[in-house]
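Read the structure below first, then the notes.
The values are calculated or read from the model by the stated rules, or taken from the named source; none is laboratory data. Predicted model, so just to flag it, every value in this text is computed and none were measured. Note: ideal-geometry Cβ built from the backbone for every residue, glycine included; neighbour counts use all protein chains shown.
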Amino acid sequence: PATTFSPNPLTALSRWYLYAIHGYFCEVMFTAAWEFVVHCNWKFPGVTSVWALFIYGTCILIVERMYLLLRRRCRVLLRCTIYTLWTYLWEFGTGLLLRQFDACPWDYSGFRYNFMGLITAEYAVPWFCASFIVERLVIRNTLRLRFDEGAEPGRGGEDAYAGRGEGGEGAWRGRGARAVATNANGYVKVD
């Protein structure tokens, strides 16, 4: 008889980790692009701080909660506006806290529309665009990821899924080095 197997959603800590890495990477890429646009620096030196891991991971995890609460209540443009306002509030709050320890890695004092050097209106459009990308690509796809606790690390194919059955709703089938769900409830289905 076939046995069914239902992988578990990622834990909040696992999602936080993915969001932290995403934010960290985007920060480095944004600062590299900014350096090129403003100073025509072909070395593309992207910089950030280790604090960015905590800041982005936590901020995006909270945006995820907002998305889950708002997705059926308001349109994407309003949601992204709310996310952008949250991002400004979070950036100001974390920056103010870090400044107390002389550890704030950013200073927007050189921007015309800055507030206390911690936030700047010039970043409204980039933050809005980042909010859109975070919701549509990062959060929605991260929420679809699942842990397969039955798989053995480093093993793929049929050996990793032995004993789970070959068919039936929710069963898993090995395909060489990859295994895929045989149902279509949010998982990638490959035939």
Taking region 32-51 and keeping only residues that are under 19 Å from Ala130 (Cβ atoms) and either under 18 Å from the mean Cα position of the chain (by Cα) or among the basic types (Lys, Arg) (or both), one is left with Thr48, Ser49, Trp51
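Conditions (1) at pLDDT below 95; (2) among the aromatic types (Phe, Trp, Tyr); (3) over 19 Å from the mean Cα position of the chain (by Cα); (4) assigned by TED's automatic domain parsing to the domain that holds Tyr24, marked per residue:
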site: Leu61; (1), (2), (3), (4): no, no, no, yes
site: Arg73; (1), (2), (3), (4): no, no, yes, yes
site: Phe92; (1), (2), (3), (4): no, yes, yes, yes
site: Asn114; (1), (2), (3), (4): no, no, yes, yes
site: Tyr123; (1), (2), (3), (4): no, yes, yes, yes
Log entry, pairs with first residue in region 112-127 being within 22 Å of Leu97 (Cβ to Cβ), second being in a loop (DSSP other than H, G, I, E, B) and among the small types (Gly, Ala, Ser), beta carbons closer than 7 Å, six or more apart or on different chains, reads Gly117/Ser109
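Go through region 67-89 and count every residue that is surrounded by fewer than 19 Cβ atoms within 10 Å (Cβ to Cβ), out of contact with any Lys or Arg (no Cβ under 7 Å at 6 or more places or on another chain) and not basic (Lys, Arg). If you could, list the steps in order and put the result at the bottom.
Narrowing region 67-89 to residues surrounded by fewer than 19 Cβ atoms within 10 Å (Cβ to Cβ): 68-78, 81-82, 85-86, 88-89.
Among the residues that remain, those that are also out of contact with any Lys or Arg (no Cβ under 7 Å at 6 or more places or on another chain) are: 68-69, 71-78, 81-82, 85-86, 88-89.
Of the ones still in play, those that are also not basic (Lys, Arg) are 68-69, 74, 76-78, 81-82, 85-86, 88-89.
Residues in region 67-89 being surrounded by fewer than 19 Cβ atoms within 10 Å (Cβ to Cβ), out of contact with any Lys or Arg (no Cβ under 7 Å at 6 or more places or on another chain) and not basic (Lys, Arg): 12 in total.
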Of the residues in region 8-59 that are free of Cβ contacts under 8 Å to residues at least 12 places away in the same chain and either among the aromatic types (Phe, Trp, Tyr) or in contact with a Cys (Cβ under 8 Å, 6 or more places away or on another chain) (or both), the one that is surrounded by the fewest Cβ atoms within 10 Å (Cβ to Cβ) is Trp42
